[in-house]
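First the structure, in the form of structure tokens, and then the observations on it.
Coordinate-derived values only; no laboratory data. Every value quoted in this text rests on a predicted model; they were computed, and no experiment measured them. In this analysis, Cβ positions are derived from the backbone assuming ideal geometry, glycine residues included, and neighbour counts consider all displayed protein chains.
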Protein chains: 2
Amino acid sequence: MRTERPRRHGGGATSGAAPGPGARAAEHGAHKAGPEPRDAAPAVSGPGLRRGATRRKLFDAAVTLIAEQGFSATTVDEIAERAGVAKGTVYYNFASKNVLYEELLRDGVDLLATSLQEAADRAVHAGGTRVDALDAMIRAGLDFIAGSPSLTQLYVAELWRTNRVWQPTLQSVRGRAVAVVESVLRDAVAVGELSEELDIPLTASALLGMVLVAALDWLSFQPHRSVEDVHASLSRLLQGRVSPVRPG
Amino acid sequence: MRTERPRRHGGGATSGAAPGPGARAAEHGAHKAGPEPRDAAPAVSGPGLRRGATRRKLFDAAVTLIAEQGFSATTVDEIAERAGVAKGTVYYNFASKNVLYEELLRDGVDLLATSLQEAADRAVHAGGTRVDALDAMIRAGLDFIAGSPSLTQLYVAELWRTNRVWQPTLQSVRGRAVAVVESVLRDAVAVGELSEELDIPLTASALLGMVLVAALDWLSFQPHRSVEDVHASLSRLLQGRVSPVRPG
DNA sequence: ACTTTTAGACTGACCAGTCAGAACAAAGGA
DNA sequence: TCCTTTGTTCTGACTGGTCAGTCTAAAAGT
């Protein structure tokens, strides 16, 4: 599928079809009529139905398939099959393949930002320094990536692509993750733990990149190593480093 | 296209078609007959013909399109159009879309490894320390990425995908790039500039990741900044850091 | 009673790859 | 200088498989 340039498929956008029950679509560009997906927000929850479980299954199936093959190369039939549901179910739960993907990204990466934030808060509340907080975030990042390598994979593959329909989604999520790191860095500078010359945004993305790439490399090429081990190495790289300027 | 699982298209693999002129193919799994691509090696050169120029144009067109849209979402027709040639020309010059992509990756990323190596050598020969060499490599990396952001994009999107037909190609190239960094790190440790506790492979990939991600972020989100500026920031991050262990 | 899932046939656009011939270049030949 | 020849490179209409998305009637869940 060309993804970027929307097609207009099938029976001409359900032209003039009977409105069917509940046509309250008011999100995403333009839905159609029919039994369609009622709301996009509650990704996995909602007033007690099976939908939550089904959506979860679809996310899980989609994330691994897409990480392996790429978005366009992954077919809806495959996703349905791996999730163990009928193709129609996919379309009952998501307006389109694109929407499924977009919600998947949002759902997943939200978790990362949250997890980083919590790790930082915990470290600071436990009386650690800001650098300790950074270290805790590295650990949290590694744990998260180890737990969802496919998702990380997707994230890395998509983030810097411009012109994709789900770019806005990704950008906003990226913003959240980076913001967490940046705020810790800012605090650290304010408190005097780090040099004032520090370029906050750039350092934040460099750190994120360091963890991301190191983690993916670890999982791909040295999977036998333990998280602790990897964390220790990165930590050493950080500890000696993001500290106050040295003379010279 | 499903890319990973090869299709079998068109008229049954040119069944029994007239061999046509020059059928000396002896590379790539199994070519067919016909006027086909004569050799894959000379990406852009060769005994004086137009092919070189055409291939270059196709590489250029393909790299940007694929960086923007992804491999499967990019059609051969688009590539041909952007390159200003007919679709048939693509297939005259490359056995398939896959092969085009593979050669493109090889061609491009080879340049990166070479450029890193040269930068390192230059720094060392100029009498600098190993850390200076690392610094020079960061700079070379930034320059390279700034010059070919699309290529970098592709690289990042593909590297950790398993199960792709061009994985071997990428792996070998990645190996070359990482090897350059690792050798400098190893030297530095040997000479005593860096701690012996340093985890060479992991640090190498972390550094590469740092530069990669920082550069892509820079180009995407703060394009107005100068290379010098970005380099300085990363350099600071490095200088204070990958140095001998500190007490404590 | 209402919501969700099923199986799968169907549609229409789409796209990788093909092929027969046209355009082009180099090297004589008159 | 102007053909003719021969091999190379390019062209674009065409073929046949593929896939997103639709639809239906009935079954399953709550």
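Can you sort B:135, A:110 so the residue with the fewest Cβ neighbours within 10 Å comes first?
Result, fewest neighbours first: A:110, B:135.
List the distances, in nm and shortest first, from the label point of residue A:60 to the matching label points in every other copy, placing each point 7 Å from Cα along the Cα-to-Cβ direction.
Output for residue A:60: 4.9 nm, nearest copy listed first.
Return the sequence-ordered ³J(HN,Hα) values of region B:76-85 in whole Hz as given by the Karplus equation 6.51 cos²θ - 1.76 cosθ + 1.60 applied to θ = phi - 60°, using x for Gly and Pro.
4, 4, 4, 4, 4, 4, 4, 7, x, 10
Report, as an integer, the average count of C-beta atoms from other chains found within 10 Å of each Cβ along B:196-206.
Going residue by residue through B:196-206 and averaging, the value is 6.
What FRET efficiency comes out for the pair residue B:53/residue B:196, r = Cβ-Cβ distance, R0 = 35 Å, nearest 0.05? Show your work: numbers first, answer last.
On the way: r = 51 Å, r/R0 = 1.47.
So, using R0 = 35 Å, E works out to roughly 0.10.
Per residue of A:149-159, how many C-beta atoms from partner chains lie within 10 Å of its own C-beta, taken as a mean?
If you average over the peptide's residues, the count of other-chain Cβ atoms is 3.
Between the label point of residue B:162 and that of the same position in each other copy, find the distances and list them shortest first in nm, with every label point placed 7 Å from Cα along the Cα-to-C-beta direction.
3.5
Could you tell me the relative contact order of region A:101-239? Use alpha-carbon pairs under 8 Å, at least six residues apart, and round to a whole percent.
Reported as a whole number, the value is 31 percent.
Please report the net charge: other residues with Cβ closer than 13 Å to the Cβ of residue B:213, K and R +1, D and E -1.
Net of charged neighbours comes to -1.
Using alpha-carbon positions, what is the distance between the centroids of region B:128-184 and region A:171-196, in Å?
Here the answer is 27 Å between Cα centres.
Could you give, in nm with one decimal, how far residue A:84 is from each other copy of that position, shortest first, with labels 7 Å out from Cα toward Cβ?
Ordered by increasing distance: 5.7 nm.
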